1. Residue check: is residue 66 charged (D, E, K, R), outside any helix (DSSP H, G or I) and surrounded by 14 or more Cβ atoms within 10 Å (Cβ to Cβ)?
2. Kindly list, by first and then second residue, each pair from a residue in the stretch 5-28 that is within 15 Å of residue 40 (Cβ to Cβ) and touching a residue at least 12 places away in the same chain (Cβ under 8 Å) to a residue that is of a type in the set (A, V, I, L, M) and assigned to a strand (DSSP E or B), limited to pairs with Cβ atoms under 9 Å and residues at least 6 apart or on different chains.
3. Output the residues belonging to the stretch 83-107 that are of a type in the set (Val, Ile, Thr) and free of Cβ contacts under 8 Å to residues at least 24 places away in the same chain.
4. Go through the stretch 18-43 residue by residue and tally those that are surrounded by fewer than 20 Cβ atoms within 10 Å (Cβ to Cβ), in contact with a Leu (Cβ under 7 Å, 6 or more places away or on another chain) and of a type in the set (D, E, K, R).
5. Any residue at all in the stretch 210-233 that's in contact (Cβ under 8 Å) with a residue 40 or more places away in the chain, touching a Lys or Arg at 6+ places or on another chain (Cβ under 8 Å) and either crowded, with 22+ Cβ neighbours inside 10 Å or not in a loop (DSSP other than H, G, I, E, B) (or both)?
6. List the residue pairs whose Cβ atoms are under 6 Å apart, where the first residue sits in the stretch 147-170 and is touching a residue at least 40 places away in the same chain (Cβ under 8 Å) and surrounded by 13 or more Cβ atoms within 10 Å (Cβ to Cβ), the second is assigned to a helix (DSSP H, G or I) and of a type in the set (D, E, K, R), and the two are 6 or more positions apart or on different chains.
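What follows draws every value from the coordinates through simple rules; no lab data is involved. What you see is a predicted model; the values in this text were computed from it and never measured. FYI the Cβ positions are ideal-geometry reconstructions off the backbone, even for glycines, and counts take in every protein chain you see.
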Amino acid sequence: MIRPSICLEMIYEDAPFVDRIDRVADHGFDTVEFWTWPDKDLDAVEAGLDERDVSVAGMAANTELRRPEELERALTDPSKQEAIVGDFEKSIEVAKRFDCSNLIVLVGPELEYAHAEMYESVVTCLQEVAPTAEAADVTLIVEPLNTAVDHEGYFLEQSSVGFDIAHEVDSPAVKINFDIYHQQISEGNIISTVTENLDAIGHLHVADVPDRHEPGTGELNYPNILAAVDDAGYDRYVGFEYTAAEDDDRALTAIRELVTE
């Protein structure tokens, strides 16, 4: 059965962040996720979650308030590894506070290094912090992003490279966040890629293509995709990270209908 998580960052943008927890809970969802934590009132978030008995499926491991392709403490930069590990260790402590199972890892931009150097830097950073994540029962989920539409200059685009990274790090605490929206733009072949790589996937993100709205508004057949993923035995969270096509309440109603079919 699909385990939905609603990303709070891109919905009800006219409402204070904590109030979005109530809105999501009012639609019958009991799990949320968000991006960076240093810009949040963590005490208020914790109180809001407790009041509605809502859990957190994921948040960002990166602490910089920058776009993924503009990170200064990038995993692709061999000179920044110590700072990155320190950032991630702080994020693991926050994840433990919220009993959050996943930390989303954005690797950063292409830099003036050889591709192999940047790749090895990403692997080394993850290997350094993996034991801390394992001890905390937190999974670092590394996210490929499309560079054609949203994140020009980002290092990690193809899911196959992400899977290689996860396998090379060789830790149960390091997997891939497979964002179906991004990977449909980058490579397509969604069902086969996901179902053939479940061992390396720790989280799924969902939005339709081309406009990154809720499922049912674009070209992707999400009932078929989610049924295939479910049938293949995927038992982790599916995060709905989208902007509503017209109305936030209507979008959440559509998602509720999709995951209960």
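1. yes
2. 7/32; 8/32; 20/6; 20/32; 21/32
3. Result: no residue meets the conditions.
4. Residues flagged as surrounded by fewer than 20 Cβ atoms within 10 Å (Cβ to Cβ), in contact with a Leu (Cβ under 7 Å, 6 or more places away or on another chain) and of a type in the set (D, E, K, R) within the stretch 18-43 amount to 1.
5. no
6. Going by the 6 Å Cβ cut-off, the qualifying pairs are 151/69; 153/69; 154/69.
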